[in-house]
Structures are given as C-alpha cells and as structure tokens.
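The values are calculated or read from the model by the stated rules, or taken from the named source; none is laboratory data. Every value quoted in this text rests on a predicted model; they were computed, and no experiment measured them. Glycine also receives a Cβ, built like all others from the backbone with ideal geometry; neighbour counts cover every protein chain displayed. Calculation scope for accessible area: heavy atoms of the full protein, side chains included, ligands and nucleic acids excluded. Shrake-Rupley method; radii C 1.70, N 1.55, O 1.52, S 1.80 Å.
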Amino acid sequence: MKTFLQDLETELTKKQINKDEIKEILADHKEMIDEAISEGLSEDEIVKKFGSPEQIADECAAFTEKNPKVANESRFALYKSFPVLSDQINLNIVLVDEDFEIVRGTSSSIEVLYSGKGKIEDYTIELVDETFTLRGPKNYGIRFFNSRRSDLNFLVKLPNILVSNFLMNAVNSDAKVSDIKISTMESRTTNGDLDFNNITAVDVKLDTVNGDIKMKNYNLTTLKFSAVSGDVLMSEGKIEDEFKVNTVSGDFHVKNSKCNKAYFTTVSGDIVGDNFYPDSITMKSVSGDITIKNTDMMHIINIESKKSVSGTIKIVSK
Amino acid sequence: MNSQFKRGIIELCVLSELVQEDMYGYMIINNISKDLDVNENTIYPILRRLTLDGYFTTYLEESSIGAPRKYYQMTKKGFEYYLTLRDEWDEFIGGVYQILNKGGKKSEDIFARFRDRINKETNK
C-alpha cells in the first residue's frame, strides 16, 4: 500500500496544496490503511475501498481553493456594501489580529473591503438598526484543527455622516481611522498601533497596553487616555474641555495643541509638551519627567497642582 | 447520480454518524459503506472539509493496533448544521415521495394503471 500513499502525495503536490495540509492528509490515510490491513483486508479490497488517489486530491483541492475567497493580497476587494438610510450610525469593531482602516468614502453606503487569505465568511459583518458590526469569529484561536492565524485585513469606508457611538476592541490589530466625525468613542487595544488623523469627536476614551498611538489634526471635547507602556504622539489639535492622560511607563508627547483643563499623571514615562497650551494643568508623577516647552510665554497656563516623587515638572520657554 | 447531489447526501450521512458518538476515520467510512456504495475517496474529503469548517474537532487516542487514532468530535456548530441539513433533507425527500406516490405506491399498482391506460389508447 506504499504506492497508494506515494501516488496520493504526488497528486496532492500537483494540486499545489500546502505542505502542512498534505502531511495531514497523508497521515490520515496511513492511519486508515493500517486499520484496513489489521482487519485483514487484501490489497485488492483495500484499493477498491479507497478509490483513486487522484480523486481524493481533486476533492481536497476543490475546497482549499473554493473556501477562502482569495482576494489579491496587496489590493482590497469589495466584500459588501450596506446602504445607510439614517443620518448617524454606531460602529462596533471587535477583532484580534486583523489590521483595519476606517475612512470616509464617497458613497452613501458603508463599504467593506478586504484583502488576505482568511475566511471572511466566518466574520460577522452586518448593519442592523443603525449599528454596523465587524466582528471576528467567536471561537477564534481555540479551534484545534484550524488554528492558523487569520490573514485578513479590512478597509471600511463610511458615508459622510456622524458616528454616534464608536466601540473598538482589538488585541493585535493595527488600526487607522481618518476623516471621521464621532460623538462618543471608546477604544481598547492591547498590542496594536493606532493611527488617527482628522478626527472630530465629543468624548473619546482610549486604552492601550503596549500599542503606540498617533493622533493628528483632532478636534475633541474631552479625551481620556490611558496607556501602560505604549508611546503616544498627539499633534495639531485642540480639546475644548478636559484632557486626561494616565501613563505607566509609556512616553507621551503632545505638540502644537490646545486644551482647557489638562490632567497629566505618569509613573515612569516622560510627558513632553511642545507648544502645548492648556488653560490650566494638574501634573502628577512618580519618577517620570513632565516638561512643557512653549514659544509663546505670554499664554498663561494656570498650574492647579504639581506633585512628583523623583521626576521633574516644569514649564519652560523654548 | 449527480455528484454534487451525492456529496450533499454523504455530508449528511457523515454528520449523522458523528451525532451518535466520536469516531475515527476508518470507522466512519466502514459504517457508511456498509449501507451505501461509496468509496473512501468520496467520504474523506467531506470529513476533512467539515472539520476545516469547524463542524468537528479532532483528538488523538491510543489504539490497540499501535498508532494512535484520530477521533472526530462534533461541535455545537456542527450539531446545528446537522439539524438544518436534516430538516432540509426530510422536507425534500417528503416532497419527492409525494410526487412519486401519485402514480401508486407499489410497482404492481403502477404497472397495472399504466397498462390500462396504454390499452385504452390503442383500442380507440
């Protein structure tokens, strides 16, 4: 029966099935043939029972090709578009490894595009009652047989309307969000990097563990920000009301920005303001330094309080 | 038989086998080929596809023949899929029998009716 397995391997290789899958299919067949032999089946009976290796390869290849709707790896393909009838929507994004980008498109529909080799049919992608959801497979990662890392990337184009509630939950995904108007946003990320550009929002809450965050051209009412070790760079923007920053060991850099009340707290990360003009500021630090370097020293910053154990806290002229 | 149609039926059979208990590949193939004239090369690819789709998980268990056997276990998703297919199948096959039985239930009845009709027509 050696030849059966050899023929099977040749046929599977011809179909360009990947090596790991071939190994698995061969192991499965070796096991079944051993069973047949131990049952005392003759070689002829076994050949009859197992049929032709070519057909096995054909069938296996049919669904390895068919199942993942393969998009061109470097280019995005349109998956679905959802017409939006309301003047605002909620966004709900829950992903693990997939990178994604959320931008303003030109149509009045939400367009979902994707690239990569994952199984897009395992994702929840829907618009129900003004809430758009993009969620990864539920049993993600615990599946024994199918533990391959998902290779999908998403691009979501939104119509030019208000996002009233934006929830984002990602583990390793890198995300880019640009040209969006938001009412409230809450984002929780672990390792992924976030990049915001041209964002108008009322209340924003960002939590990150190791991921870095960049925000450019922003206009917010309040921002609550907390990071463990991720670094942050914010530039060219203003916060109408409260700006709260809480960092453990990540560095925080804010440049060419204004706000009303700033609350900066750091354990060992450094916080640097560079032409940063809050109306008032409260600063707390354990060992990190908080430094604000401004050109316009005529702009008065009211220091509500400043406390530090071993770091330095100062506002200096550039 | 149309191979796509046949594949659908085998798929339902594989699911039905695993609804009962966890089984290893050779056992599934033996059980099905006892009642239906199908080869391993039809059953195995279906088993594999259903596993990749998350309807079954697999685990290894030592066996008396030496090498460990790979057992297939139905997941909740698999069970739900089985129920859907089973309903579809029952409805379909019910409909087919409705149509077939219009001509009579037994071959003798059907033949008798057919013979009468042909005779009437030739006597006209």
Problem - Unique residue being modelled with pLDDT under 90, more than 14 Å from chain A (Cβ to nearest Cβ) and over 15 Å from the mean Cα position of the chain (by Cα) when the list is B:PHE111, B:PHE5, B:PHE92 - result: B:PHE111
Exercise for the section: List every residue pair whose Cβ atoms sit under 8 Å apart, with the two residues 6 or more apart in sequence or on different chains, where the first one lies in region A:11-24 and is hydrophobic (A, V, I, L, M, F, W, C) and the second, anywhere, is loosely packed, with under 15 Cβ neighbours inside 10 Å. Expected result: A:ILE22/A:THR13
Handout entry: Candidates A:PHE100, A:PHE76 - the one that is at pLDDT 85 or above and aromatic (Phe, Trp, Tyr)
Key = A:PHE100
Fill in the blank from the handout: Expected single match for within 14 Å of another protein chain (Cβ to nearest Cβ), under 23 Å from A:GLY40 (Cα atoms) and not in a loop (DSSP other than H, G, I, E, B) among B:PRO68, B:PRO45 is B:PRO68
Exercise for the section: Would you mind stating whether B:VAL38 is open to solvent by 40 Å² or more (accessible area, probe 1.4 Å) and either among the hydrophobic types (A, V, I, L, M, F, W, C) or farther than 13 Å from B:GLU11 by Cα (or both)? Expected result: no
Handout entry: Flag if B:TYR44 is under 29 Å from A:GLU54 (Cα atoms), open to solvent by 30 Å² or more (accessible area, probe 1.4 Å), out of contact with any His (no Cβ under 7 Å at 6 or more places or on another chain) and in contact (Cβ under 8 Å) with a residue 12 or more places away in the chain
Key = no
Practice task
Can you confirm whether region B:79-94 contains a residue that is outside any loop (DSSP other than H, G, I, E, B), touching a residue at least 40 places away in the same chain (Cβ under 8 Å) and under 30 Å from A:PHE4 (Cβ atoms)?
Solution key: no
Fill in the blank from the handout: By my count, strands (runs of 3 or more DSSP E) wholly in region A:227-316 with at least 2 residues that are closer than 28 Å to A:THR200 by Cβ, modelled with pLDDT under 90 and among the hydrophobic types (A, V, I, L, M, F, W, C) are none
Practice task
Could you check, for region B:101-123, whether at least one of its residues is in a helix (DSSP H, G or I), open to solvent by less than 20 Å² (accessible area, probe 1.4 Å) and among the basic types (Lys, Arg)?
Solution key: no
Handout entry: Count - residues of region A:94-117 that are open to solvent by 10 Å² or more (accessible area, probe 1.4 Å) and in a loop (DSSP other than H, G, I, E, B)
Key = 7
Fill in the blank from the handout: The residue that is nearest to the chain's Cα centre (by Cα), considering only those in region A:259-294 that are over 12 Å from A:LYS244 (Cβ atoms) and small (Gly, Ala, Ser), is A:GLY269
Practice task
Filter region A:31-40 for residues that are more than 8 Å from chain B (Cβ to nearest Cβ) and surrounded by fewer than 16 Cβ atoms within 10 Å (Cβ to Cβ) and give the result.
Solution key: A:ILE37, A:GLU39, A:GLY40
Practice task
Take A:ASN146 and decide whether it is at pLDDT below 90, out of contact with any Phe, Trp or Tyr (no Cβ under 7 Å at 6 or more places or on another chain) and open to solvent by 10 Å² or more (accessible area, probe 1.4 Å).
Solution key: yes
Completion exercise
When region B:8-29 is checked residue by residue, the ones that are more than 14 Å from every other protein chain (Cβ to nearest Cβ) and either of a type in the set (Ser, Thr, Tyr) or assigned to a strand (DSSP E or B) (or both) are B:SER16
Handout entry: Count of residues meeting criterion [open to solvent by 20 Å² or more (accessible area, probe 1.4 Å) and under 20 Å from B:SER63 (Cβ atoms)] in region B:1-32
Key = 8
Problem - Residue count for region A:10-23, restricted to those that are out of contact with any helix residue (DSSP H, G or I) (no Cβ under 6 Å at 6 or more places or on another chain) and either open to solvent by 60 Å² or more (accessible area, probe 1.4 Å) or at pLDDT 90 or above (or both) - result: 8
Practice task
Look at B:THR51 and say whether it is assigned to a strand (DSSP E or B), crowded, with 19+ Cβ neighbours inside 10 Å and within 7 Å of another protein chain (Cβ to nearest Cβ).
Solution key: no
